[in-house]
Amino acid sequence: MGKKHNMRSSSGLVESTGLTDKFTFNPKEGIDNPVMVSTEDADSVWAPSPRLCVLKQEERESYGFHLRVERGRQGHIIRNVVTGGVAGCSGLQDGDRLLRVNNSYVDDVPHPEVTRKIKLSGQQLCFLVLNGEEYEQAVSKGLDLRGLGGAHKGEGCKPPRLCHITRDPTSGLGINFTPVEGEKGCFSVSLVPGGAAEKAGVCKGDRLVWMDGATVSDLTHSALSRMMKKCGDHITILVIDCESEKNYMRQRMSILPTMAVPHNLPYRARKLHLGSRPEGYGFLLRLEKAPSGRTFHVLREMESGSPAERSGMQDGELLLEVNGESVESLMHDEIVDRVRLSGQQVSLTTITLQGLEFYTQLGLSPLLFSEDGAVEREKESSISASAAELSPQKEEDGLCKPRHCSIQKGPLGFGFNLGCFPEGPGTFVSQVAFGGSGQSAGLLEGDVVMEVNGQNVEEKYLEDVIMLVKKGGHFLSLLVMEKSGYSQLKQTETPTRDISDSEEEDNYEITSL
């Protein structure tokens with residue numbers, strides 16, 4: 001636990017327990033009276049005291065806390081810490097600000113990315129946190145929070161390496177492990193020069209942390225040897241240099257695969273960036289059953305010359321994310337909606353079935369080491385060029401048609417307010433916050449709300465619409481239309497919803513995108 005500091009806001013002075021100031025007499029300045037110490041002198045000796053909290057989660061167990069962004073407050077805030085839960089037992093407290101997740105500084109990182117880092121960490125996390133009062137005081141003083149917990153970024157503290165070794169027909173795996181004398185569960189690496197392990201990124205003198213999903217700190221040398229014999233032609237290990245290991249241990253930091261730099265991994269998830277075209281992205285999304293019995297959303301039948309083909313998409317890849325959002329818990333129709341509502345570009349994260357099985361066996365998320373597709377810059381430039389070709393008249397015409405707006409909740413919420421029509425049911429956008437998520441998604445003041453998350457709300461009253469918005473959580477899909485265009489549309493009774501291209505085949509869903 002860090003030191004407690006009592007703040008007196010009226011004078012700005014800080015009283016720190018356990019702190020002794022030394023005063024010296026200077027004839028030119030007068031008597032050394034402690035009462036005469038300036039505010040600047042008192043402030044200069046104060047420093048925030050971050051805490052390291054290690055959270056270890058059992059399978060299907062909750063960490064027992066919420067991470068929030070709150071209006072009027074800075075930072076990622078720890079809330080609702082369950083007494084006796086994983087977070088509570090680790091030392092997390094209500095109001096703490098999260099500074100680091102594992103070895104990544106997150107105070108200036110968008111909230112969705114921070115939650116994603118936590119989810120990808122699996123069943124063990126290292127948090128560096130700061131008491132809420134100290135955090136606010138440090139921010140007001142302009143202190144560099146990134147520098148707190150110096151060992152996290154010190155010169156002698158390099159990240160661990162996750163290395164995949166493939167057996168060489170002549171020299172084998174090219175690696176041996178020797179117990180470090182006097183240190184239980186600690187093993188030093190020795191290598192065959194030029195062998196498979198060295199080529200995979202392992203260095204002489206490295207310390208072994210983890211092997212094929214198992215932490216070695218609890219293993220005996222004989223148990224480790226048995227694991228080596230059973231590994232077959234491949235092995236994946238987590239190693240770190242000796243000095244860095246000492247720095248991590250000094251800070252009580254766990255060394256985890258989520259912190260690692262990957263070396264020679266046989267499979268990597270890929271982020272593909274697809275620009276839109278009038279007829280779609282040019283691929284099929286199928287819900288298919290694998291031989292294991294599990295169902296996956298599979299990418300099929302890329303059309304020649306389509307955005308899907310140009311992005312490097314391959315037939316049979318599994319879909320993991322849409323625009324950074326995991327699809328694991330989403331229904332087929334929900335995934336289709338997210339793709340179709342993405343606007344001019346959609347980002348898809350994919351992996352092969354063999355790749356998913358590889359990470360599953362290691363107990364790791366395939367999203368940990370995803371890499372961007374090679375054609376991302378080309379896609380961005382083509383989108384910019386097509387946007388530049390739009391004439392003002394075409395943009396104006398677009399506002400007179402129903403528009404899908406996909407909104408993710410940010411620090412300002414969804415960034416808009418709703419109003420209602422006095423003469424009956426129906427809602428419209430009464431205010432759009434500048435720089436908020438609503439404005440980024442294309443919402444305009446006066447837009448009539450036609451659908452909320454796929455449900456028609458034209459005949460619903462304001463209270464019911466607000467309930468639907470809240471029910472959707474952090475993601476919101478709106479179908480809206482400019483008011484004069486909407487009035488004209490209702491007069492002509494033109495259908496407002498597209499017919500779905502999805503169909504069922506053997507109870508499996510297929511959608512052309």
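Values in this text are rule-based calculations from the coordinates and carry no lab data. Bear in mind the structure is a predicted one, so any value in this text is a computation, not a measurement. Cβ: placed from backbone, ideal geometry, glycine included. Neighbour counts: every protein chain shown.
Summary of values
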quantity: Proxy reagent accessibility, fewest Cβ within 10 Å first, across S225, S188, S311, S292; calculated: S292, S225, S188, S311
quantity: Sorted by Cβ neighbour density within 10 Å, fewest at the top, the residues Y281, Y486; calculated: Y486, Y281
quantity: FRET efficiency, L143 to H221 (Cβ-Cβ, R0 30 Å, nearest 0.05); calculated: 0.05
quantity: Extension reserve of the K230-V192 stretch, reckoned as 0.36 nm per residue once the Cα distance is removed; calculated: 11.7 nm
quantity: At R0 = 45 Å, FRET efficiency that the Cβ-Cβ distance of A433 and S49 yields, to 0.05; calculated: 0.80
quantity: Projected label distance in nm at S440 and S171, using a 7 Å step from Cα toward the beta-carbon; calculated: 4.9 nm
quantity: Ascending count of other beta-carbon atoms within 10 Å, so fewest first, for W210, W46; calculated: W46, W210
quantity: Alpha-carbon Debye profile of the range 79-132, log10 I(q)/I(0) at 0.21, 0.25, 0.27, 0.31 Å⁻¹; calculated: -0.82, -1.13, -1.26, -1.37
quantity: Net length gained if the chain between F421 and M249 were fully extended (0.36 nm per residue, minus Cα distance); calculated: 55.6 nm
quantity: Calculated FRET value between D315 and E371, using beta carbons and R₀ = 22 Å, to 0.05; calculated: 0.65
quantity: Spin-label model distance (nm) - R68 vs M467, 7 Å beyond Cα toward Cβ; calculated: 2.3 nm
quantity: Virtual spin-label span in nm between C203 and D94, 7 Å along Cα→Cβ; calculated: 4.6 nm
quantity: Antiparallel %, DSSP beta bridges [both residues in the range 270-377], to 5; calculated: 90 percent
quantity: Contour minus Cα-Cα distance for D212 and E58 (0.36 nm per residue); calculated: 53.6 nm
quantity: Per-residue HN-Hα couplings for the range 468-477 [Karplus 6.51, -1.76, 1.60; θ = phi - 60°; Hz; x = Gly/Pro]; calculated: 5, 4, 5, 5, x, x, 8, 10, 9, 10
quantity: Per residue Cα convex hull volume in Å³ - calculated over the range 270-377; calculated: 103 Å³
